[in-house]
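Below: the structure, in structure tokens.
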Amino acid sequence: MSTTLETVSDEEDSGLKVFDVSLVPDEPGDEAMYRHRPDMWHSARELMRRWDVMFTLAERDIRAQYKQAVLGVAWALLVPLVSLFMLVILAGHVQGFSPGGHVPFALWTYTGLLAWGLFGGAIGGGTNSLVSNKALMAKSHFPRECFPLSQVLESAFSSLIATIPLLILFAVYKFQYPPQLASLWSPLYLAVEIPFMLGLTFLVSSVIVTMRDLQQIVPIMMPLLMLITVLKPLAVEKHHHLTAAFITDPVLRVLYCVANPMAAVLSNFRDSVLLGFGPQWELLIAGAVGSVGYLVLGYVVFKRLEVNFADLS
Amino acid sequence: MFQDQILLLGRWLRGYRRPYRWVLRDINLHVDPGKTYGIIGVNGSGKSTLLKMICQTTFPSAGSVTAVGRVGALLEVRSGIHPDLSGRQNVYLYGNIMGMSRSEVTARFDDIIDFAEIGDAVDRQVKFYSTGMAIRLGFAIAAFLEPDILLVDEVLAVGDARFQQKCLERISQVVTNGTTLFYVSHDLPTVEAVCDRAMWLADSYVRADGPARDVVSLYRQSVGEQAELTTTQDTGVRLLKVEVTGPDGGQILSGEEVNVRIVAESEEPMFGAFHLGISQGTAMPVFVIRYASSFPSGQFELRCRMQSLPLPKGRYSLWGAMRAPRGSDVTASLPWQPLASFDAYGPVAIKAPNGVMVLTPVHVPTEWELT
């Protein structure tokens, strides 16, 4: 049977166009190729415009997470307490391990866990935020940053709840070691933590879309990093806890803080809240530099890989 | 276990890159606001990819896509619904992701719930919904977003007939309000019912572009041709000759008699039925006729005279099958396959009102009177 394309198209003059596919070139010309050049300024504006999506997604995840759990939101209290219990048992076997000086180990550790929890929660949740939301990504083209950012918000929510056990711990020790006035420096430490947290979340969540190996690596690395950062204090002479000092060389210490800004944040946060010291500026500034570096790196990588998200996740 | 990875790494280092395939090529498409545009083609021809690019969730490898206004997508309606949240929470979540503020969603909330017909179940978790309820909810949310551009991909295949009709009505209402519609479906009658213009994609190329009815009829013919090419296996009955002719062996005309002559050969004598059907190219006939008898082994000739052909002008296929009744020990049979195709001449099919599906055009001689 012969194709009768021509006769059919002649029958009615209605704008029907039948194409000869053999005329189409195999490859498009080089000038037509699409180059993804993310416009950061435009992206940031778009993100501001669709700010609410982030909150909606965070709300969805929080609601879904605690729905049908018998204890509900109480889990946000229990999870950090269980980690604390774990660390107390772990460190209890080490004779004379008292990195916090005269401050009780549980209090010292929990303060660190609180600061770490915000970071760890964001990374843990953010890792799979793009991969597990493929269905939503296929629906609409709102900024993709909303997915990891919603996990950061969720982590902030959990951390807020996790401050309650800290207050209880202070009470358990009958306020013999009360929070110090220097706690008021905390927003500054938070300001150093946030860019690091955002940067790493962007980085991990976007790379994992093409490299699923991270799905195995991140859950192993995070507890390891937590143990190092929470249990190993940065030794600073004036702060009296040289016994378990991690790095004593001042130059190495600063470099370490650039690589792991959380170490600087934790060290300062604990010393301020529990011991009443002001910021150790050289560590904090190193941490801030590293932190901003991570943010820039993470965001650039995220925007670069953005093209693949809907297809590969 | 890691040999594959090591091999791949070695090839990659030597400059080997994964071969790629163009899913869409040479697409030139401009659709004016308020128009409806259908996209048809077999599975894997690139229809959904094209929609994703219009939706801007997938980026083209070459070229550019510009969509002006808010884009709403009805792609796999169920997939955006979160099973652990209640219907109400899902409406707000989905609406917000599609670009509506909370107050905009609130304003439409009752309409959405009414349309989805979920009633008291709004505050129940979606995982306890029936499949139909979840799909209705998904469709209702997207259908009431009033986007500037609405993308619809194969969603009407789900849901019962009444809901399908309701969805079609809603779609045409949205279009009347000025929304531009892109409609992807394998259900050709709905494409004809909904779309002004259509594009036929075949293996990543645009084969035809034009008024929906013309493109759909071209596509139907091609499906018929494909089917003729693929059925060749020998199952005990061989067709030798098939002829379809009009009155006195001439042209086939609407409302006139049609003669079918089939010469075939059977390996064994069989008692069974010979079915004939006329379709628009697809395997789904407009009507079926049947002749039951005992057929001798060897060559036989079967003639059939239809007194009046109830079809409008167009190109049709004659399909046929021959089967022994169930339970008999005759193994010879003829599977359902296209036997011949023919052009019928006569009046052109009347186009149904917008939004109404006509399954297959049938020519019915009518006399009207207005007094």
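The values are calculated or read from the model by the stated rules, or taken from the named source; none is laboratory data. Just so it is clear, the structure is predicted and the values come from calculations on it, not from any experiment. Methodologically, a virtual Cβ is constructed for each residue, glycine included, from the backbone with ideal geometry; neighbour enumeration extends over all protein chains shown. We work out accessible area using only protein heavy atoms, side chains counted, and drop any ligands, DNA or RNA first. Shrake-Rupley method; radii C 1.70, N 1.55, O 1.52, S 1.80 Å.
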On the given criteria, is residue A:78 under 30 Å from residue A:232 (Cβ atoms) and hydrophobic (A, V, I, L, M, F, W, C)?
yes
Does residue B:113 count as away from every other protein chain (no Cβ under 13 Å) and open to solvent by less than 60 Å² (accessible area, probe 1.4 Å)?
yes
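Residues checked against (1) more than 18 Å from residue A:291 (Cα to Cα); (2) open to solvent by 20 Å² or more (accessible area, probe 1.4 Å); (3) modelled with pLDDT under 90:
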{"residue": "A:110", "(1), (2), (3)": "yes, no, yes"}
{"residue": "A:134", "(1), (2), (3)": "yes, yes, yes"}
{"residue": "A:142", "(1), (2), (3)": "yes, no, yes"}
{"residue": "A:150", "(1), (2), (3)": "yes, no, no"}
{"residue": "A:163", "(1), (2), (3)": "yes, yes, yes"}
{"residue": "A:186", "(1), (2), (3)": "no, yes, yes"}
Selection status of residue B:239, over 21 Å from residue B:38 (Cα atoms), modelled with pLDDT of 85 or more and either surrounded by fewer than 18 Cβ atoms within 10 Å (Cβ to Cβ) or more than 14 Å from chain A (Cβ to nearest Cβ) (or both)
no
Starting from the stretch B:308-329, keep only residues that are more than 17 Å from residue B:221 (Cα to Cα) and within 12 Å of chain A (Cβ to nearest Cβ), then list their pairs with residues that are open to solvent by less than 50 Å² (accessible area, probe 1.4 Å) and of a type in the set (A, V, I, L, M, F, W, C) whose Cβ atoms are within a distance under 8 Å, requiring at least 6 positions of separation or different chains.
none
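Looking at B:328, B:308, which is the one that is open to solvent by less than 70 Å² (accessible area, probe 1.4 Å), among the polar types (S, T, N, Q) and modelled with pLDDT of 80 or more?
Exactly one of B:328, B:308 is open to solvent by less than 70 Å² (accessible area, probe 1.4 Å), among the polar types (S, T, N, Q) and modelled with pLDDT of 80 or more, namely B:308.
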Being surrounded by fewer than 21 Cβ atoms within 10 Å (Cβ to Cβ), more than 14 Å from chain A (Cβ to nearest Cβ) and of a type outside the set (S, T, N, Q) is the filter here, so list the residues in the stretch B:38-59 that pass it.
B:42, B:44
Any chance the stretch B:25-37 includes a residue that's over 21 Å from residue B:177 (Cα atoms), open to solvent by less than 30 Å² (accessible area, probe 1.4 Å) and either at pLDDT 75 or above or in a loop (DSSP other than H, G, I, E, B) (or both)?
no
Somewhere in the stretch B:78-89, is a residue open to solvent by 30 Å² or more (accessible area, probe 1.4 Å), modelled with pLDDT of 80 or more and more than 10 Å from chain A (Cβ to nearest Cβ)?
yes
Say whether the condition of being assigned to a loop (DSSP other than H, G, I, E, B) and free of Cβ contacts under 8 Å to residues at least 12 places away in the same chain is met by at least one residue in the stretch B:245-255.
yes
Tally up the residues in the stretch A:276-299 that are in contact (Cβ under 8 Å) with a residue 24 or more places away in the chain and either open to solvent by 40 Å² or more (accessible area, probe 1.4 Å) or under 15 Å from residue A:194 (Cβ atoms) (or both), please.
16
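A quick yes/no check of all residues on (1) within 14 Å of chain B (Cβ to nearest Cβ); (2) modelled with pLDDT of 85 or more; (3) touching a Lys or Arg at 6+ places or on another chain (Cβ under 8 Å); (4) not in a helix (DSSP H, G or I):
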{"site": "A:226", "(1), (2), (3), (4)": "no, yes, no, no"}
{"site": "A:234", "(1), (2), (3), (4)": "no, no, yes, yes"}
{"site": "A:274", "(1), (2), (3), (4)": "no, no, no, no"}
{"site": "A:278", "(1), (2), (3), (4)": "no, no, no, yes"}
{"site": "A:288", "(1), (2), (3), (4)": "no, yes, no, no"}
{"site": "A:308", "(1), (2), (3), (4)": "yes, no, no, no"}
For residue B:86, indicate whether it is of a type in the set (S, T, N, Q) and in contact with an Asp or Glu (Cβ under 6 Å, 6 or more places away or on another chain).
yes
Single match in A:82, A:73 (criterion: of a type in the set (A, V, I, L, M, F, W, C), in contact (Cβ under 8 Å) with a residue 60 or more places away in the chain and open to solvent by 60 Å² or more (accessible area, probe 1.4 Å)):
A:73
Exactly one of B:344, B:321, B:349 is within 31 Å of the chain's Cα centre (by Cα), hydrophobic (A, V, I, L, M, F, W, C) and within 30 Å of residue B:170 (Cβ to Cβ), and that one is B:349
Starting from residues that are surrounded by fewer than 20 Cβ atoms within 10 Å (Cβ to Cβ) and assigned to a helix (DSSP H, G or I), keep the ones in the stretch B:93-107 and report whichever is nearest to the other protein chains (Cβ to nearest Cβ).
B:102
Inspect the stretch B:62-71 for any residue being open to solvent by less than 20 Å² (accessible area, probe 1.4 Å) and within 30 Å of residue B:39 (Cα to Cα) and give the result as yes or no.
yes
